[in-house]
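First the structure, in the form of structure tokens, and then the observations on it.
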Amino acid sequence: MGIEAILAIAGALVPPVANFVNKKWLKKDSDTTEATANTLATTSPEILPSYLQSMSSWYDTLIKYFNRDVIGTPSQWVIDLRASIRPIAVVLSVAIIAVDIPFSLGLTPETRGALLANISSWFSSRLPG
């Protein structure tokens, strides 16, 4: 029972703690496209349109490269299936744990811990912050 509790607590606490550490102590890169556009808008406004055009074409190229193996837009059922995979895994994990409690399915502590970590990780990712 101890490993399940540890994994459930770790699954619930690790994502928010990692986000907090990233926001609090890790410096953000100040050289962003927005910062450059802001600087150009105040110092050289005549260059800003060409800069925005070049960044637009750069991001368009990145998107085309990322989607190079996808032809067209996937059908809606594929999009819905992809979006439902993690919630379905969480619901199945809850169902397996709920059935294991009264009927003792014989889950190993590692399996039970993995199911609980999956559940707690999903719920903690839904917390605001």
Before we move on, is I88 part of a helix (DSSP H, G or I), within 24 Å of the chain's Cα centre (by Cα) and modelled with pLDDT of 90 or more? yes
Selection status of S30, at positive phi, surrounded by fewer than 10 Cβ atoms within 10 Å (Cβ to Cβ), of a type in the set (S, T, N, Q) and modelled with pLDDT under 90: no
Within the bounds of the range 5-14, is there any residue that is in contact with a Lys or Arg (Cβ under 9 Å, 6 or more places away or on another chain), in a helix (DSSP H, G or I) and not aromatic (F, W, Y)? yes
Run down I71, I6 and say which single residue is of a type in the set (A, V, I, L, M, F, W, C) and surrounded by 10 or more Cβ atoms within 10 Å (Cβ to Cβ). I6
Is there a residue in the range 50-62 that is surrounded by 11 or more Cβ atoms within 10 Å (Cβ to Cβ), part of a helix (DSSP H, G or I), out of contact with any Lys or Arg (no Cβ under 7 Å at 6 or more places or on another chain) and among the aliphatic types (A, V, I, L, M)? yes
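The values are calculated or read from the model by the stated rules, or taken from the named source; none is laboratory data. Source: prediction; values computed, not measured. Cβ atoms come from the backbone with ideal geometry, glycine included; neighbour counts cover every protein chain shown.
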